[in-house]
Amino acid sequence: MGRKVILTGDRPTGPLHIGHYFGSVKQRVKMQYEYDTYIIIADIQALTDNFQNPAKVRRNVRKLAIDYLSSGIDPKQSHIFIQSMIPEIAELTVLYSNMVTVARLYRNPTTKAEVSHKKNLFGDSGESITYGFLGYPVSQAADLTAFDCEVCPVGEDQVPHLEQAREIVRKFNHIYGDTLKEPKAVLSSHARIKGLDGNEKMGKSLGNAIFLSDDTETVTKKVMAALTDTSKIRKDDPADPDKCMVYYYHKLLENKNIETVCEECKQGKRGCVACKRELIAVMEEFLKPFREKRKYYEENPEIVDEILKAGTLAARRKAKEVMKRVRKSVQIDYFGGKSI
Ligand code: TRP
């Protein structure tokens, strides 16, 4: 009671990778003990790009919940809930859509990048852009404000959406009186994790990610193929650890041996294969607690469903309360504000 609200989450479109973990999930796990925490499984937002493939979205809802639970999201601390089961979010989206111009939506840097990606993908000049896609940041503003969220731990790419949500809130409060809370983004220290191939971003569609659900064999294969300093030919050639993804991950996963790894690499005393083997061991150790929890939840899907139900119920209760306030402010609280 009286604690500030955190709201954050993901689209259920595929498995979470360690980029997601270091980019935001790790921080949620820590913060859940200090804040009233809501974690949204954004199935409606996932449908903006996948409306022709509802089975994929549905399948990934429980999988995402399991990814969260195996990462240490504690269902006693956090409400994990399903977006589509909160109709108040859809109602708020409609109200907010009056408060943002189409030009502003096009200026959102994340949307902009996605628009140009779509143009390339479909080879058109923007005809493939739907109303729903362009407007998803508005719906995200509804996600945040429906729960009085004040703090939103997310990765860097979400910052423009938070900025847009804050503008909507300010405009709303200015017109209708103080009603909504302004959500603020908090970035984690590793805001963006590089891929195994050296790409600036680890992405599930980029083929350069380690998933939290990867087994030993997959981890081994992926690490063995990771990018190293390309100027190093023989195993005793000196190399530059800063040009090597294997070193990058040794650092990320806090290998206690990190100084030796660095020195031996620079002095040509460490072959890449041995270095990769060591990273696999570190990675396996890192993934161990995830795997243990995953096993439990995969063997008990009914427990996962119970957690989702309870989380969604708590979220609904909160959203109803906020919606009541909003209806009053916008003067659409007819017949005493009771639903008929
Ligand atoms: N846009 C986020 C993503 O693609 C998912 C999301 C939906 C979200 N609603 C949110 C994140 C509210 C934080 C807060 O990953």
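The values are calculated or read from the model by the stated rules, or taken from the named source; none is laboratory data. On a predicted model such as this, the values are computed, not experimentally measured, just so you know. Cβ: placed from backbone, ideal geometry, glycine included. Neighbour counts: every protein chain shown. The accessibility values were calculated without ligands, DNA or RNA, using every heavy atom of the protein model including side chains. Shrake-Rupley method; radii C 1.70, N 1.55, O 1.52, S 1.80 Å.
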Q: Mind listing whichever residues of region 243-263 are over 19 Å from Asp197 (Cα atoms), surrounded by 13 or more Cβ atoms within 10 Å (Cβ to Cβ) and in contact with a helix residue (DSSP H, G or I) (Cβ under 8 Å, 6 or more places away or on another chain)?
A: Asn255, Ile258, Val261, Cys262
Q) What number goes with the only condition from (1) open to solvent by 10 Å² or more (accessible area, probe 1.4 Å); (2) closer than 25 Å to Gly132 by Cα that Phe81 does not pass? A) (1)
Q: Give region 149-161 a look and list any residue that's in contact with a Lys or Arg (Cβ under 9 Å, 6 or more places away or on another chain) and open to solvent by less than 10 Å² (accessible area, probe 1.4 Å), or say none.
A: Cys149, Cys152, Pro153
Q) How many residues are out of contact with any strand residue (DSSP E or B) (no Cβ under 8 Å at 6 or more places or on another chain) and either among the small types (Gly, Ala, Ser) or within 27 Å of Lys4 (Cα to Cα) (or both) if we restrict to region 35-61? A) 4
Q: Can you confirm whether region 127-139 contains a residue that is more than 10 Å from the ligand (Cβ to nearest atom), assigned by TED's automatic domain parsing to the domain that holds Ala90, part of a loop (DSSP other than H, G, I, E, B) and β-branched (Val, Ile, Thr)?
A: yes
Q.
When you scan region 221-235, do you find a residue that is closer than 29 Å to Lys26 by Cα and in contact (Cβ under 8 Å) with a residue 60 or more places away in the chain, even just one?
A. yes
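Let's see how each residue does on (1) closer than 30 Å to Ile168 by Cα; (2) aromatic (Phe, Trp, Tyr):
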position: Tyr248; (1), (2): no, yes
position: Lys251; (1), (2): no, no
position: Asn255; (1), (2): no, no
position: Cys262; (1), (2): no, no
position: Ala274; (1), (2): no, no
position: Lys288; (1), (2): no, no
position: Tyr296; (1), (2): no, yes
position: Arg316; (1), (2): yes, no
position: Glu321; (1), (2): yes, no
Q. Hey, among Gly2, Gly19, which residue is closer than 24 Å to Gly195 by Cα and small (Gly, Ala, Ser)?
A. Gly19
Q. What are the residues in region 118-139 that are loosely packed, with under 13 Cβ neighbours inside 10 Å and in contact with a Gly (Cβ under 8 Å, 6 or more places away or on another chain), if any?
A. none
(Q) Given the options Lys328, Lys320, Lys276, name the one that is part of a helix (DSSP H, G or I) and open to solvent by less than 80 Å² (accessible area, probe 1.4 Å). (A) Lys276
Q) When the residues of region 99-110 are filtered to those that are surrounded by 13 or more Cβ atoms within 10 Å (Cβ to Cβ) and free of Cβ contacts under 8 Å to residues at least 60 places away in the same chain, which remaining residue is farthest from the ligand (Cβ to nearest atom)? A) Tyr106
